[in-house]
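Trainee: Can you keep this structure in mind? I'll have questions shortly.
The values are calculated or read from the model by the stated rules, or taken from the named source; none is laboratory data. Computed from a prediction, not measured in an experiment: that's the story for all the values here. In case anyone asks, the SASA skips ligands and DNA or RNA and just uses the protein heavy atoms, side chains included. Shrake-Rupley method; radii C 1.70, N 1.55, O 1.52, S 1.80 Å.
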Amino acid sequence: MERLAQGVEDVAHRRWLVSDDVDEHIEQIRPYVEWGFRHLVFHFPGDDQEAAIARYGELILPRLRERFG
């Protein structure tokens, strides 16, 4: 597993969004919504999953609904 992980180190940053910039989240999600995806799965690593999900629901999801309705 470690060997496989090392094999993708140079591209891993393009596979996951790790940012505190709301606009960056919107732009990273935009293509999927434009392609017609209506069910997306978000993963929040860390100890306080409920707080992370609540914050996403407060900051990101309303902007997605506003922009892509």
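Trainee: Before we move on, is Ala12 open to solvent by less than 60 Å² (accessible area, probe 1.4 Å), modelled with pLDDT of 90 or more and on the phi < 0 side of the Ramachandran plot?
Mentor: It is false that Ala12 is open to solvent by less than 60 Å² (accessible area, probe 1.4 Å), modelled with pLDDT of 90 or more and on the phi < 0 side of the Ramachandran plot.
Trainee: Could I ask something else about it? Can you tell me which residue is least open to solvent (accessible area, probe 1.4 Å) among those in the stretch 15-47 that are of a type in the set (A, V, I, L, M) and at pLDDT below 85?
Mentor: Leu17
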